[in-house]
Amino acid sequence: MASRLKDAASQFSKRMPKGGDGPEMPGGPAALAAVRALLAAGAIAVGAANCFYTVDAGQKAVVFNRLIGVKQMTYPEGLNFNIPWFEYPTVINVRTKAANLTTKSGTNDLQMVTIGIRVLHRPDVEHLPFIYQRLGTDYDERILPSIINEVAKAVVARFNASDLITKRDAVSMQIRKELEDRASNFHILLEDVAVTHLTFSPEYSRAVESKQVAEQDAQRAAYIVVGAKAEKQTIITKAKGQAQATELIGNAVKKNPAFMKLRKIDAAKEIAETVSKSPNRIYLSADSLLLNLMGDKADEKIEGTMGKGRRGWW
């Protein structure tokens with residue numbers, strides 16, 4: 001740009017009429033000097049403006065030199081200097097970016113699964129000239145889709161379909177380890193690798209659902225059997241208890257006829273308590289409710305029954 005301005009100034013000066021050849025330019029040599037000074041100042045201003053460039057936050061710069069090619073150094077954020085026309089700076093974004101990829105692969109037990117992977121990545125600043133020289137500024141679009149697809153297929157093929165669900169952390173860690181190894185060859189740093197979703201084929205999903213239903217039915221049947229066994233044991237235990245109680249009562253009556261009187265008193269207490277709590281008032285025979293504890297009819301009946309029993313036993 002400066003050379004062009006100098007050429008324009010020289011051509012302008014040649015076209016100016018000189019003394020004796022024609023009419024002189026108004027102002028004479030002073031005006032010509034002013035024009036030359038103005039053109040020189042403009043050339044200096046343009047050159048100074050092209051000598052500096054700014055690198056914004058989250059960015060780095062690499063410089064291409066016409067004599068030596070790409071300089072093997074990285075320029076930081078802020079104001080930087082370069083030689084106009086000889087050097088061309090290129091600003092590259094070094095912030096962490098996300099790359100999402102969905103791929104379809106086969107498992108170890110020959111089931112098709114669609115897996116989604118999300119990778120957070122950034123370039124290695126120390127090797128930014130290499131990345132710019134070999135891969136360009138769109139390095140992530142050139143490298144990451146291919147290596148993510150290849151690594152995901154290789155890792156998924158080592159697991160069964162059920163293991164992809166139960167061992168999801170192990171699958172994610174293995175994918176991350178292999179991706180970091182592959183990306184390091186291109187000086188790309190991975191900050192996080194995550195398996196975002198897993199989708200199985202409709203046939204496999206129906207088979208898994210049927211299996212779960214069958215397992216639930218089997219567990220329900222097992223609970224029913226256990227409950228039936230427990231109920232059976234309860235009935236047997238209750239029957240044994242009643243038989244033993246009956247035997248004990250019979251033995252007690254044989255040994256002491258007054259036992260029936262004691263039972264009569266207990267029954268009378270329960271009946272009297274129930275009747276006293278009832279809001280209704282009814283009148284019934286005390287003998288029928290076993291409440292006539294002072295009477296002798298029930299006792300005579302009991303003693304007569306016990307006497308007949310003794311005669312029958314002996």
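The values are calculated or read from the model by the stated rules, or taken from the named source; none is laboratory data. It should be emphasised that the depicted structure is a prediction, and the values quoted were computed from it without experimental measurement. Neighbour counts are summed over all protein chains in view; Cβ atoms, including those assigned to glycine, are modelled from backbone coordinates with ideal geometry. Quick note on the areas: whole protein, heavy atoms, side chains included, nothing else; ligands and nucleic acids left out. Shrake-Rupley method; radii C 1.70, N 1.55, O 1.52, S 1.80 Å.
Here are the numbers for this structure:
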{"read-out": "Among the residues listed as V113, V171, V156, V125, the single one being under 29 Å from V63 (Cβ atoms), at pLDDT below 95 and β-branched (V, I, T)", "value": "V125"}
{"read-out": "F159 within 21 Å of the chain's Cα centre (by Cα) and either open to solvent by 20 Å² or more (accessible area, probe 1.4 Å) or free of Cβ contacts under 8 Å to residues at least 40 places away in the same chain (or both)", "value": "yes"}
{"read-out": "Of all residues making up region 105-157, the number that are assigned to a helix (DSSP H, G or I) and not small (G, A, S)", "value": "25"}
{"read-out": "Condition met for R95 (part of a loop (DSSP other than H, G, I, E, B), more than 30 Å from Y75 (Cα to Cα), touching a residue at least 24 places away in the same chain (Cβ under 8 Å) and not small (G, A, S))", "value": "no"}
{"read-out": "Residue within region 62-74 that is at pLDDT below 90 and assigned to a helix (DSSP H, G or I) present", "value": "no"}
{"read-out": "Of all residues in region 76-117 being open to solvent by 20 Å² or more (accessible area, probe 1.4 Å) and of a type in the set (D, E), the one that is farthest from T54 (Cα to Cα)", "value": "D109"}
{"read-out": "Count - residues of region 59-70 that are in contact with an Asp or Glu (Cβ under 8 Å, 6 or more places away or on another chain) and open to solvent by less than 90 Å² (accessible area, probe 1.4 Å)", "value": "5"}
{"read-out": "Residues that are within 15 Å of L198 (Cα to Cα) and surrounded by fewer than 19 Cβ atoms within 10 Å (Cβ to Cβ), drawn from region 137-156", "value": "N149, K153"}
{"read-out": "Tally, over region 192-223, of residues that are open to solvent by 80 Å² or more (accessible area, probe 1.4 Å) and either of a type in the set (K, R) or assigned to a strand (DSSP E or B) (or both)", "value": "3"}
{"read-out": "Matching residues in region 162-176 - criterion: being within 9 Å of V193 (Cα to Cα) and of a type in the set (D, E, K, R)", "value": "R176"}
{"read-out": "Failed criterion for K18 (all others in (1) charged (D, E, K, R); (2) modelled with pLDDT of 85 or more; (3) surrounded by fewer than 11 Cβ atoms within 10 Å (Cβ to Cβ) hold)", "value": "(2)"}
